[in-house]
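Each remark here refers to the structure printed beneath this line.
The values are calculated or read from the model by the stated rules, or taken from the named source; none is laboratory data. What you are looking at is a predicted structure, and each value in this text was computed from that prediction instead of being measured. In this analysis, Cβ positions are derived from the backbone assuming ideal geometry, glycine residues included, and neighbour counts consider all displayed protein chains.
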Amino acid sequence: MSVTITIRARLKGDAGSIKKIHDEVTGATKEMARQAGDISHVVYLNPMDQREFLGIDVWQSAEQAQAFAGTPQIQEFFGNMFEGAPEVKIWTESGWNKW
């Protein structure tokens with residue numbers, strides 16, 4: 001069963017400079033992430049505070065997401081982007097009504 005992973009963190013710098021880091025790394029690792037089980041990747045910024053980051057990824061499994069996030073390349077990426085460790089949570093579909 002697929003899982004949704006949320007990543008909340010404070011960006012190390014202004015959104016423009018961190019976007020450059022994000023886009024370079026995700027551009028280079030997109031195929032690797034897909035092969036590892038990543039189905040989708042979406043990023044949001046708080047309009048009131050552009051350094052407040054929310055990433056939402058859908059993975060084929062929690063184990064695949066954890067294995068990928070634990071690689072040295074991704075750990076370095078997080079270190080370059082975020083102040084401190086991001087808050088990472090795993091979510092599963094509730095089966096409740098949605099629209």
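Every residue in region 56-67 that is free of Cβ contacts under 8 Å to residues at least 40 places away in the same chain and acidic (D, E), please.
E63 - this is the single residue of region 56-67 that is free of Cβ contacts under 8 Å to residues at least 40 places away in the same chain and acidic (D, E).
Which numbered condition trips up D49, out of (1) within 15 Å of the chain's Cα centre (by Cα); (2) farther than 29 Å from E93 by Cβ?
It fails just one condition, (1).
Looking at A28 and the list (1) farther than 29 Å from E93 by Cβ; (2) among the aliphatic types (A, V, I, L, M); (3) within 14 Å of the chain's Cα centre (by Cα), which single condition is not satisfied?
A28 satisfies every listed condition except (3).
Tell me which residues, restricted to region 63-85, are modelled with pLDDT under 95 and not in a helix (DSSP H, G or I).
G70, T71, G84, A85
Only residues that are in contact with a strand residue (DSSP E or B) (Cβ under 7 Å, 6 or more places away or on another chain) and under 15 Å from F68 (Cα atoms): list them for region 9-32, please.
T26
Taking region 43-78 as the region of interest, how many residues are loosely packed, with under 12 Cβ neighbours inside 10 Å and either touching a helix residue (DSSP H, G or I) at 6+ places or on another chain (Cβ under 6 Å) or among the small types (G, A, S) (or both)?
Count: 1.
Say whether the condition of being free of Cβ contacts under 8 Å to residues at least 12 places away in the same chain and in a strand (DSSP E or B) is met by at least one residue in region 43-55.
Scanning region 43-55, I find at least one residue that is free of Cβ contacts under 8 Å to residues at least 12 places away in the same chain and in a strand (DSSP E or B), so the answer is yes.
Residues of region 8-19 being charged (D, E, K, R), in a strand (DSSP E or B) and over 12 Å from the mean Cα position of the chain (by Cα), which ones?
Hit for region 8-19 is R10, nothing else.
I need every pair where a residue in region 1-14 that is basic (K, R) has its Cβ under 6 Å from the Cβ of a residue that is in a loop (DSSP other than H, G, I, E, B), sequence separation at least 6 or different chains.
Within 6 Å, the pairs are R10/E83; K12/E83.
Suppose we filter region 20-42 for residues that are in a helix (DSSP H, G or I) and buried (at least 16 other Cβ atoms within 10 Å of the Cβ); how many remain?
Selection size over region 20-42: 5.
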